[in-house]
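Each remark here refers to the structure printed beneath this line.
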Amino acid sequence: MKELVIQGKAVTKNYGSFRALDSLDISIPKGSIYGLIGLNGAGKSTLLKILLGLIKYDHGEIRIFDSDKLDIKKLNKIGSIIEYPYFYEHLTGEENLCIHADFLQFTDKNRINEIFDLVDLSSARHKRVREYSLGMRQRLAIGRAILQKPELLILDEPINALDPEGIKEMRELFKTINREYGTTILISSHILSEMEMMADYIGIISDKHMVKEMSMDELKEVTKKHLRIETDDNGKAKKVLENSGIRNVKIEEKNELKVYEEIDVTEAIRILLDNNLRIQEIYENNCSLEDYFLDTVTRG
Amino acid sequence: MSLFNLIKIEFKKNKAMSYFGSYIVMTIILVFLTWTSIFGVNQDHETSGFAIIKMMSGLIADFYIIFSALVIMKVLNDEYVQRTILLMFTYGIPRKKIIFAKFSLIVMIAVVGQLLTQICCFAFLIGVDRHSGLINGGLTQENTIQWICCVAINTLAIIGYLFIPVTVCIKKKTTSSIVVSAMIGLLIYQMIISQIDNFIVMTIYYLAFAMVTAAFYFVVGGRYIENLEL
C-alpha cells in the first residue's frame, strides 16, 4: 500500500444551497505526479483551495501529511498556484520572490538566481510584474511555488498561457523536481495531452465528485487499442476466441469482452457465429485520454 | 515569525519610506493652514495660544485620519482586490497575525506622520510668535504642555479610529466602504474634540472609544479574517 500524502474521504462543500463538492474521495501517493482533470465548474479549484486551508469543507475527512489537521507550520512545506498567478504588481519579479522568501523565512538568496534561470526569466527579473505577460506571470508563479523545494506542490492550471516550448520546459521541470526532490505534485489542467505525458496518476472530477482515479499504467491499459465485443455469453465467447489462437482476450468491468491484439474482425465474427453465439455489438476502440475523459464525464 | 519581523516585511513590501513624500506635502499645507488660523482665532480670543494649538493639532489629526484611509486602501484593501491575500494565507503564519502586522504598519505610518507634522507646525508657531508676536498673549510654557497633551490625545484618537476602517475593509473589501467609515470616524473624532476642552475628560472619551473600536476589530474583524468566504 503506497504512502499517501493527501487522502480525502467524502469531502463535501456547500455554498448555501449550491453544492460545490459532493462526497469527493481523493488519494494522492507520496512522490507522484497526480493530474486532476475535469470540466469547468467541476470542483477542481474548490478542492485545491480546501487542501490549502483557504476555505473550509463541510463534511468528510481530509488527511495531509498523515494528519487530519492542516497544521499552519505544514503550509511552508507546500508550494502552490491557486486560481491565477497573483503578484504585487508594483514590485519587480525579483522583489516578489524576495518578499515570498522573507515570509517563508527562507534565506538562500542564491536559490532566487537559480529560480530565474530555471523558469527562463533572468532578463525580466528587474521588470515590474505589471509589465509581465500572462506567460511570464505563470513562469514566475511556478518559480515562486518551487522556491523552497516544497514536499508538496499544488498547481491550479499552471501552464495554460504558455507557448508549446514553454509547456515542454515546464513539463521537464516538474518531472525533474519530482524525480530529484521527491516532491509530490498535484496539478490540475485542461491540457490532457500534457497530463498523459507527465502524470503518474489521474483523477477525473465530474459533477462535483471524483468519478475515476487510476494510475497512468491502468489508463494506458484501458485506452489501448482493442476490440469490444458484446455477445449473449461473453464467458463462452472468450474461451472460443482463446481456443482459436487469440491470446489477449479479457473480460473487464461491466462484463465487457475485449480483445487487445490485432485480429481480422471478419474472422472473429465467423468464429463466434460458428459456435452459436449471438453477436450484439462489435466496436473498435482507439481512444486517447481525451476520449476516455469525455466518455467518463458523460457517463458520470 | 515575530510580529516585528512581519511588520518589517510589510514595510518593505509596501515601500513605506515613500510616504515621507506625503508627509512633506501635508506638513507644508498644514503649516500654511496654521498660519491662516492664527488670524481667525485672534479675532475671537484675547489670549489665543491654547485655541490655536487645539485648532492646529485637531486639523493635523483630521488630515491624517483621511490620509490613513488611503494607506488602508494600499496596504490592506489591495491585498483583497488583487487577490494576493490568497497567497498570504498559504504561508505558515496565523492569519490574524498577518493582518495585525498590516494594521500595525498602518498605525505607524499615520502616527509617525502625525507626530512629525505636529512638531513642524508647533515649531512654526514658536517661530511666528518670537519673530512677529502675532499670537495674542504669546505662547507660554503652559501652552507647550497643552500642545503635548493635544498630541498625545490625538495619537490615541487616531489609533482608536483606525480600528473602524480596518475592520470595515476586512469585512467589505471595497474602497467606498473604507471612505465612508473614515468619514464616520472623523465625525466622531470632531464631535469629541470640538465640544470638550478638559484633557482628562477628552482622554477618557478617546480611551473608551479606542476600547470599543478595538473590540469591534477583534470580534468582527477576527471572524472575517478566519473565513475568507464571508
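The values are calculated or read from the model by the stated rules, or taken from the named source; none is laboratory data. What you see is a predicted model; the values in this text were computed from it and never measured. Cβ sites come from the backbone with ideal geometry, for glycine too, and all protein chains shown count toward neighbours. We work out accessible area using only protein heavy atoms, side chains counted, and drop any ligands, DNA or RNA first. Shrake-Rupley method; radii C 1.70, N 1.55, O 1.52, S 1.80 Å.
Structure notes:
- For the condition touching a helix residue (DSSP H, G or I) at 6+ places or on another chain (Cβ under 6 Å), within 20 Å of A:Ser189 (Cβ to Cβ) and in contact (Cβ under 8 Å) with a residue 40 or more places away in the chain, A:Leu36 qualifies.
- Scan of region A:188-209 for residues that are part of a strand (DSSP E or B) and under 12 Å from A:Ile33 (Cα atoms), ordered by number: A:Ser188, A:Tyr201, A:Ile202, A:Gly203
- Residue list for region A:45-63, restricted to those being within 23 Å of the chain's Cα centre (by Cα) and more than 13 Å from chain B (Cβ to nearest Cβ): A:Leu47, A:Gly60, A:Glu61, A:Ile62, A:Arg63
- Test: residue in region B:194-215 that is open to solvent by 60 Å² or more (accessible area, probe 1.4 Å), within 22 Å of B:Ile60 (Cα to Cα), away from chain A (no Cβ under 14 Å) and outside any helix (DSSP H, G or I): yes
- Among the residues of region B:103-135, those identified as within 15 Å of the chain's Cα centre (by Cα) and open to solvent by less than 30 Å² (accessible area, probe 1.4 Å) are B:Phe103, B:Ser104, B:Leu105, B:Ile106, B:Val107, B:Ile109, B:Ala110, B:Val111, B:Gly113, B:Gln114, B:Thr117, B:Gln118.
- Output for region A:50-103, where each listed residue is among the charged types (D, E, K, R) and closer than 15 Å to B:Arg83 by Cα: A:Glu83, A:Glu89
- Members of region B:216-230 found to be more than 14 Å from every other protein chain (Cβ to nearest Cβ), aromatic (Phe, Trp, Tyr) and open to solvent by less than 40 Å² (accessible area, probe 1.4 Å), listed by number: B:Tyr217
- Test: residue in region B:60-73 that is of a type in the set (Asp, Glu) and within 14 Å of chain A (Cβ to nearest Cβ): no
- Single residue of A:Lys168, A:Lys149 found to be open to solvent by 10 Å² or more (accessible area, probe 1.4 Å) and farther than 19 Å from A:Ile78 by Cβ: A:Lys168
- Test: B:Thr155 is without any contact (Cβ under 8 Å) to a residue 40 or more places away in the chain, closer than 30 Å to B:Arg130 by Cα, hydroxyl-bearing (Ser, Thr, Tyr) and more than 14 Å from every other protein chain (Cβ to nearest Cβ): no
- The residues on offer are B:Thr84, B:Thr90, and the sole one that is within 23 Å of A:Leu75 (Cβ to Cβ), open to solvent by 10 Å² or more (accessible area, probe 1.4 Å), within 14 Å of another protein chain (Cβ to nearest Cβ) and of a type outside the set (Gly, Ala, Ser) is B:Thr90.
- Residues satisfying the criterion are absent from region A:163-172 (criterion: under 23 Å from A:Thr46 (Cα atoms) and modelled with pLDDT of 85 or more).
- Output for region A:83-127, where each listed residue is more than 15 Å from A:Leu147 (Cβ to Cβ), open to solvent by 10 Å² or more (accessible area, probe 1.4 Å) and away from chain B (no Cβ under 12 Å): A:Asp120, A:Ser122, A:Ser123, A:His126, A:Lys127
- Set B:Lys74, B:Lys54, B:Lys97: member being open to solvent by 20 Å² or more (accessible area, probe 1.4 Å) and within 18 Å of A:Glu89 (Cβ to Cβ): B:Lys74
- Those strands (runs of 3 or more DSSP E) lying entirely in region A:22-119 with at least 3 residues more than 14 Å from A:Leu155 (Cα to Cα): A:59-64
- Comparison of A:Ser23, A:Ser32 shows that the only residue that is in contact with a Lys or Arg (Cβ under 9 Å, 6 or more places away or on another chain), at pLDDT 90 or above and open to solvent by 40 Å² or more (accessible area, probe 1.4 Å) is A:Ser23.
- Matching residues in region A:130-161 - criterion: being in contact with an Asp or Glu (Cβ under 8 Å, 6 or more places away or on another chain) and outside any helix (DSSP H, G or I): A:Asp156, A:Ile159
- The strands (runs of 3 or more DSSP E) found entirely in region A:210-300 that carry 1 or more residues being open to solvent by 60 Å² or more (accessible area, probe 1.4 Å) and not assigned by TED's automatic domain parsing to the domain that holds A:Ser27 are A:249-252, A:279-285.
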